[in-house]
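Undergrad: My questions will all concern the structure given below.
Nothing in this text is a laboratory measurement; each read-out follows from the coordinates by a stated rule. Predicted, not measured: the structure shown is a model, and the values here were computed from it.
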Amino acid sequence: MLGVHDGAWHPQVTPIEERMLDDFVEGLARGNVEQVKVVLASVVVLLAVYQVTLMAVGYGKLRLPFLTPRAASFAHRTVGDTIAAVALVVAVMCISQFGFDDGDDDLRTTVHAIAGSLVIIVLALKIAVLRWLQHWGRFLPHLGLTVFALFVVTWLTSAGDHLSGG
């Protein structure tokens, strides 16, 4: 449920619902939410690099003797479904643990929140083009590279920062 406060839309979540989500995520991660997020986000970024490589083969920009363009495109679609699911899990963990506004207004967290939100939006648009808006298919390479860049920015401003001791 959404409500308007100060001219902006804000989700209306009861304290009980918020606590239930927090408890669910904490239980799922066995109390190690931040560490699980770092691992899962790192897996997503590594798979995103693999995705770019697969489509370079799929579009004929990179030739590998053991991988045909058709097989690379099929693998790209299959792995992409997995990445989308894992990215949504990481997003839920992130929002439940830190929310959108935890009082920390530094540049890193702002860039992370914007990039994380945009990656979900652009990924949803890419899936919509694949499934229902095929006439926009010419934009798929651009959407794919945008998703990749946003995954990298999101990772750098969260897991990358955490792993570097930031």
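Undergrad: Would you kindly derive the ³J(HN,Hα) couplings of the stretch 120-133 from the backbone phi angles with the Karplus curve 6.51 cos²θ - 1.76 cosθ + 1.60 (θ = phi - 60°), listing them in order in whole Hz, with x for Gly and Pro?
TA: Those phi angles translate into 5, 5, 5, 4, 4, 5, 4, 5, 5, 5, 5, 8, 10, 10 Hz.
Undergrad: Amide H to amide H, which residues 5 or more places from residue 62 or on other chains are under 5 Å from it, using H placed in the peptide plane?
TA: 57
Undergrad: OK, next. Quick check: residue separation of residue 53 and residue 130 times 0.36 nm, minus the Cα distance between them. What number comes out in nm?
TA: My answer for the length gained is 25.8 nm.
Undergrad: While we're on this one: Quick one: grab Rg to one decimal and Dmax as a whole number for the stretch 31-163, Cα atoms only, in Å.
TA: My reading of the Cα-based Rg and Dmax gives 15.8, 52 Å.
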